[in-house]
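The values are calculated or read from the model by the stated rules, or taken from the named source; none is laboratory data. Every value quoted in this text rests on a predicted model; they were computed, and no experiment measured them. When we count neighbours, we look across all protein chains shown, and the Cβ atoms used for this are built from the backbone with ideal geometry, even at glycine.
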Amino acid sequence: MFDFSTAWLIQHKVLLPGVSTLSRLISEIRKRANSRLFIRLAALPNEEKKTKLKELLTIPEGMSTSKFDFLRRCPVTISGTSFNNAVSRYIEFKDFGIQSLNFKNIPIIRLNNIARNAGIASVYSISRMPEVF
């Protein structure tokens, strides 16, 4: 993005700001775009769905992992038990009602990046993220 903006400024004969100023501006633009995206995403589910999603991050008493970790871990062996576990995971996903949300105005590339990050991030880091109102 930095290279494109520099090339555009040179092409249009705009007096170039310093490199650090330009990179700071790009950083601010990215932050604003991210905050707008997260505000739009946070507005999609109703309060009931938000509560159910937050419950995924809690670790039940006597368990070592959260329900979120259980749901994002896919079966690794091919067996009848693994198939049954995959079907039960699918049913649990479907019970959240996420498929009824309208993601039409969210760019698919951004959704894929968020999903990839959610697959990598720990429950602890996700639970520490600030809430968007």
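Answer yes if at least one residue in region 111-120 is touching a Phe, Trp or Tyr at 6+ places or on another chain (Cβ under 6 Å), at pLDDT below 85 and either within 17 Å of Leu37 (Cα to Cα) or surrounded by 13 or more Cβ atoms within 10 Å (Cβ to Cβ) (or both), and no otherwise. Don't jump to the end; show me each part of the working.
First pass over region 111-120, keeping only residues touching a Phe, Trp or Tyr at 6+ places or on another chain (Cβ under 6 Å): none.
There is no residue in region 111-120 that is touching a Phe, Trp or Tyr at 6+ places or on another chain (Cβ under 6 Å), at pLDDT below 85 and either within 17 Å of Leu37 (Cα to Cα) or surrounded by 13 or more Cβ atoms within 10 Å (Cβ to Cβ) (or both).
Annotation: of all residues in region 59-110 being under 23 Å from the mean Cα position of the chain (by Cα) and among the acidic types (Asp, Glu), the one that is nearest to Ser35 (Cα to Cα) is Asp69.
Scan region 47-70 and give yes if some residue there is of a type in the set (Gly, Ala, Ser), part of a helix (DSSP H, G or I) and over 30 Å from Trp8 (Cα atoms), otherwise no. There is no residue in region 47-70 that is of a type in the set (Gly, Ala, Ser), part of a helix (DSSP H, G or I) and over 30 Å from Trp8 (Cα atoms). Against the test of being touching a residue at least 60 places away in the same chain (Cβ under 8 Å) and surrounded by 12 or more Cβ atoms within 10 Å (Cβ to Cβ), the options Phe70, Phe103, Phe93, Phe38 yield a single qualifying residue, Phe38.
Is it the case that Ile39 is part of a loop (DSSP other than H, G, I, E, B), of a type in the set (Val, Ile, Thr) and either touching a Lys or Arg at 6+ places or on another chain (Cβ under 8 Å) or under 25 Å from Met1 (Cβ atoms) (or both)? Full working, then the answer.
Values: part of a loop (DSSP other than H, G, I, E, B): no; of a type in the set (Val, Ile, Thr): yes; either touching a Lys or Arg at 6+ places or on another chain (Cβ under 8 Å) or under 25 Å from Met1 (Cβ atoms) (or both): yes.
Criteria not met by Ile39.
If only one of Leu37, Leu22, Leu57 is in contact with a helix residue (DSSP H, G or I) (Cβ under 7 Å, 6 or more places away or on another chain) and assigned by TED's automatic domain parsing to the domain that holds Ala115, which one is it?
Details: Leu37 fails: assigned by TED's automatic domain parsing to the domain that holds Ala115; Leu22 fails: assigned by TED's automatic domain parsing to the domain that holds Ala115.
Leu57 is the lone residue from the list that is in contact with a helix residue (DSSP H, G or I) (Cβ under 7 Å, 6 or more places away or on another chain) and assigned by TED's automatic domain parsing to the domain that holds Ala115.
Within region 84-101, one or more residues are part of a loop (DSSP other than H, G, I, E, B), assigned by TED's automatic domain parsing to the domain that holds Ser122 and of a type in the set (A, V, I, L, M, F, W, C). The residues of region 73-82 that are surrounded by fewer than 12 Cβ atoms within 10 Å (Cβ to Cβ) and not in a loop (DSSP other than H, G, I, E, B), listed by number, are Gly80, Thr81.
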